[in-house]
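Each remark here refers to the structure printed beneath this line.
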Amino acid sequence: MPIAQAHATFKQESHMRTRFTVNGEAREVEHDTRTTLLDALRDQLGLTGTKKGCDHGQCGACTVLLNGKRVNSCLCLAAMHEGDEVTTIEGLGSPEALNALQKAFVAKDGYQCGFCTPGQIVSATAMLEELRAGDPSFASASLEGEMPLDDAEIAERMSGNLCRCSAYPLIREAIAMAAEVKS
Amino acid sequence: MTKTFRMNEAQPRLLDETGQGIVGAPLDRPEGPKKVSGRAHYAADGLPEGAAQGVLVRATIARGRITGIDEDSVSGLEGVIGVFHGPEFLRNPAQGMAGEAPVQPGGEVHYHGQPIALVVAESFEAARDAAQRLVVTYEAEAGVVTDPARSEELEQDDPETAGDFEAAFAAAEVTLDRSYTTPAQAAAAMEPHAALAEWEGDELTLRGALQMLRFNKEELADSLGIPAEKVRILAPYVGGGFGSKLGIGPEAVAAALASRTLGRPVRVVMTRQTVFDAVLRRTETSQRLRLGADRDGRLRALSHDDRVSNIQGEGFAEPVSQASQFLYGAEGLSFAQTLARVSRTPAGSVRAPGEAVGMLALEQAMDELAEMLEMCPVALRLKNLPEKNPMTGQPFSATRLGDCLREGAERFGWDARKPMGSRREGEWYVGMGMASAARSNMLVKSAARVRLSGEGAVVETDMTDIGTGTYAILGQIAAEMLGLPVEKVEVRLGDTSFPGASGSGGSFGANSAGSATFLAAKAIRETLAGRMGCGLSELTLQEGIARGGNREVPLAELIEEELVEEASVEAGDTSESHFSSGFGAHFAEVAVHAYTGEVRVRRMLGVMAMGRILNEKTARSQALGGMIWGLGAALTEEMAHDPRTGHVVSRDLANYHVPAHADVPGDMTVVFLEERDDMANPIQTKGIGELGISGAGAAILNAVRNACGARVYDMPATPDRVIAAMEAAGF
Ligand code: FES
Ligand code: FES
């Protein structure tokens, strides 16, 4: 079954238009005023790599980068993101051209069913930036200075991304591996 | 004609002789690049042209009759298309391997949260809004029992026994009698249950989040009252199952019905709250363990009684004492179960039904017995390794439990374990614990097709990969048997137009679908041997080259037309003559905060013997996942119900605590001991997905006891309970 823009023909007064950039491309979506960024990405734009695990900000499966920062896209209304820059898992790499994190997840088996995986990878992308920028976490020994890239830091900073398959230790090995490759 | 092979006797270990050398290798999953780039399509991924969206509406009474569903209450809302309900609607998902419709309650409500209607709209937002506004009126039944502890509708069979438990218990030098409770638990797979239904004439195609397509097709057809040939189910990717997607669910039937009426595709995705309300839960349990032993640790008497619950009309009862029946044995054994009927979300299989909760009690009782005997817990278990299944007298097909215990103790540094409460690091008590692991093993009827052409091979079966590694292992088996690099084998799964497999459940998927793939590839080997003019045993296939009868021929030259073989496998005499189970040993080190009772797991080790390992990498992931589920059961997971209405209180992922990254230590090790189970199936494997959880939680709880004296009988061991137990122990 092809993925299509099902709402193309459904135009009613509660609808509006929003323009933003997704994975470097200018996109315009027509959507219900109540539509979340998550649903706009998945159903209007056909970018189904971003998953809906709870629709309540509790699982992290819907994580995307919004102007470079990680957010739960299920907690964002599409209407609020006029002009914003969104990066989804599809924007990080393709099966033929995976980025370092994606490769590391495959090599370390940092997943099982794969449903939480796009969220883990997108979240890890921003998390590594936060670490580099010296943002402290609950696990940090000090609020200032360089933040170590150790397992405790990664675990703490990735705790917004649930994985019921419980690939946790391997997800963290994958993140550590990719971070080393980069640095 | 498909050949059905019955497992009547031990088979040669062909996979040890083939030359490709990739069975068992820790290869990456072939579908991995799709998964990590968001290109693997799950049931809810994608809306076809013209699709409408449906949201399920739940009952808000515990039991009674629906007297009205007021469609007018939502018909004026923008975008709303219709409200669907009726006699075909399911009360709850089918139990695993049912192969027929589950209860269809008509206008009746049997539990709070039951899906009773579907609102369909042009958009998800409109459907969700209307589902919340839909006015439903009920005639509620009075005096409904929603608390299993108060149910008087009890079902009890005669206890299962061997020897004379009472006499052996009375005669034992040391005895222990303890009660435990475990709460209801949720599978909580990350992918919510979803269905996308589309009809073409009288033929239905359903993309679903399902584990057992061969059965699901029958269940869906039966629910709708149409022939099974008219149903096709697709589930190439499934976002976790853990039992929750074994049977066809209300979302699938509702989507199919709405789609048929509307003449357009309909997608129904359960909200996370509905997943908690309406998907089969694991029952809460109360358990009583009685152990009697000699002073030297020899078990004389073992009894494990339990009480579980389920709603009326469901046959499933969590087999709590399953592992207790064969793990150690004693002269007197007795196992009694009571099933209480209750108006609550129905219960069914959740990862390792039985062992997952039963072993929490059994293995804590063994730990406590070891204390009473002043014996090492490892030594106590080693003293009680049975020669054969103590209940049935069947010999074990393969057991390395003793080796797992010894190897685990050695690798973990068990001899550094300190007396209870004597290791303190700042505000933390630190301790070690261990437990045995056991999970019985099965072979379920399965078929697969293998095609071989000059290009490579293709495996086709309706088997699913729910994260278990099916794509990887079936490719490895076929590649091994046909002497091809694994990249030359494509595995196609999750489509009922392919031969029907066992499906994913009960840890039998790899055994069953793997054996069918093996047999189909073996039939191709026979053809190739004929073409080479050599005997089957002389044939070697390696890297696309066939050797035999003093000839060496590129495989492609032996194949003019594609070779196609389908094979099917089923259990036979060996399942009667022998008892097959995976065995292992879990070790855990924990820190317990002296003032808050918070438990932090520092490291875990699982040593397991589970037959031939087909892919060391995916097997390890399965085992680790299971161990972390054990952590959840021990420390965090608790499905709370309101005793008045029976409704699920912890019905989202903020209130139902599955382990998160920060709960799980990085130091988690899995070791597989080499083993072949010749009686299990033609490829000598055993199930993996559930052994990891069996006993793992008990190892953690025993470590808590060793750390700080707290013995927690009511699980999970949340800080409040740990603190109370520490105080009770005088800490
Ligand atoms: S779907 Fe957004 S956090 Fe779960
Ligand atoms: S891989 Fe299945 S939920 Fe994380």
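Taking the condition of a type outside the set (Lys, Arg), at the interface with chain B (Cβ under 8 Å from one of its Cβ atoms) and touching a strand residue (DSSP E or B) at 6+ places or on another chain (Cβ under 8 Å), does A:THR117 pass? Judged against the criteria, A:THR117 is not a match. Residues in region B:89-134 that are open to solvent by less than 20 Å² (accessible area, probe 1.4 Å), closer than 27 Å to B:ALA640 by Cβ and assigned to a strand (DSSP E or B): B:VAL109, B:PRO115, B:ILE116, B:ALA117. If you go through region A:52-68 and keep only what is more than 16 Å from A:TYR111 (Cβ to Cβ) and among the β-branched types (Val, Ile, Thr), you end up with just A:VAL64.
Checked against (1) assigned to a loop (DSSP other than H, G, I, E, B); (2) within 11 Å of another protein chain (Cβ to nearest Cβ); (3) not β-branched (Val, Ile, Thr), A:GLU146 passes all but condition (2). Just one of the listed residues (B:ALA323, B:ALA255, B:ALA301) is part of a helix (DSSP H, G or I) and open to solvent by less than 10 Å² (accessible area, probe 1.4 Å), namely B:ALA255.
For B:GLU160, the conditions (1) open to solvent by 50 Å² or more (accessible area, probe 1.4 Å); (2) out of contact with any Phe, Trp or Tyr (no Cβ under 6 Å at 6 or more places or on another chain) all hold with the exception of (2).
Taking region B:702-721 as the range and being touching an Asp or Glu at 6+ places or on another chain (Cβ under 8 Å) and part of a helix (DSSP H, G or I) as the test, the residues that pass are B:ASN702, B:ALA703, B:ARG705, B:PRO719, B:ARG721.
When each of B:GLU407, B:GLU387, B:GLU427 is tested for being of a type in the set (Asp, Glu) and more than 30 Å from the chain's Cα centre (by Cα), the lone residue that passes is B:GLU427.
The residue of region A:63-79 that is farthest from ligand 1 (Cβ to nearest atom), among those that are among the hydrophobic types (A, V, I, L, M, F, W, C) and more than 11 Å from chain B (Cβ to nearest Cβ), is A:ALA79.
Could you please let me know if A:ALA6 is closer than 30 Å to A:CYS113 by Cα, more than 13 Å from ligand 1 (Cβ to nearest atom) and at pLDDT below 95? Yes, satisfied.
The set of residues in region B:372-381 that are surrounded by fewer than 17 Cβ atoms within 10 Å (Cβ to Cβ) and in a helix (DSSP H, G or I) comprises B:MET372, B:ALA379. Of everything in region B:1-19 that's among the acidic types (Asp, Glu) and within 19 Å of B:GLU543 (Cβ to Cβ), which residue is nearest to the other protein chains (Cβ to nearest Cβ)? Here the answer is B:ASP16.
For residues in region A:151-183 being of a type in the set (Val, Ile, Thr) and either open to solvent by less than 10 Å² (accessible area, probe 1.4 Å) or at pLDDT 95 or above (or both), which is nearest to ligand 2 (Cβ to nearest atom)? Among residues in region A:151-183 that are of a type in the set (Val, Ile, Thr) and either open to solvent by less than 10 Å² (accessible area, probe 1.4 Å) or at pLDDT 95 or above (or both), the one nearest to ligand 2 (Cβ to nearest atom) is A:ILE171.
Taking region B:20-47 as the range and being facing another protein chain (nearest Cβ under 10 Å) and modelled with pLDDT under 95 as the test, the residues that pass are B:GLY46, B:LEU47. Of all residues in region B:258-298, count the ones that are open to solvent by less than 10 Å² (accessible area, probe 1.4 Å), in contact with a strand residue (DSSP E or B) (Cβ under 7 Å, 6 or more places away or on another chain) and under 22 Å from B:PHE242 (Cβ atoms). So the count comes out to 10. Do the conditions hold for B:ALA680, that is, is it part of a loop (DSSP other than H, G, I, E, B), more than 23 Å from B:GLN622 (Cβ to Cβ) and not assigned by TED's automatic domain parsing to the domain that holds B:ALA513? No, not satisfied. Of the set (1) open to solvent by 60 Å² or more (accessible area, probe 1.4 Å); (2) away from ligand 2 (no atom under 16 Å from the Cβ); (3) modelled with pLDDT of 95 or more, all apply to A:LYS108 but (2). Restricting attention to region A:14-64, the residues being among the hydroxyl-bearing types (Ser, Thr, Tyr), more than 27 Å from B:GLU78 (Cβ to Cβ) and open to solvent by less than 20 Å² (accessible area, probe 1.4 Å) number 1.
The values are calculated or read from the model by the stated rules, or taken from the named source; none is laboratory data. Given the structure is predicted, the values throughout are model-derived calculations rather than measurements. Methodologically, a virtual Cβ is constructed for each residue, glycine included, from the backbone with ideal geometry; neighbour enumeration extends over all protein chains shown. Note: accessible area is taken over every heavy atom of the protein model, side chains too, but ligands, DNA and RNA are not part of it. Shrake-Rupley method; radii C 1.70, N 1.55, O 1.52, S 1.80 Å.
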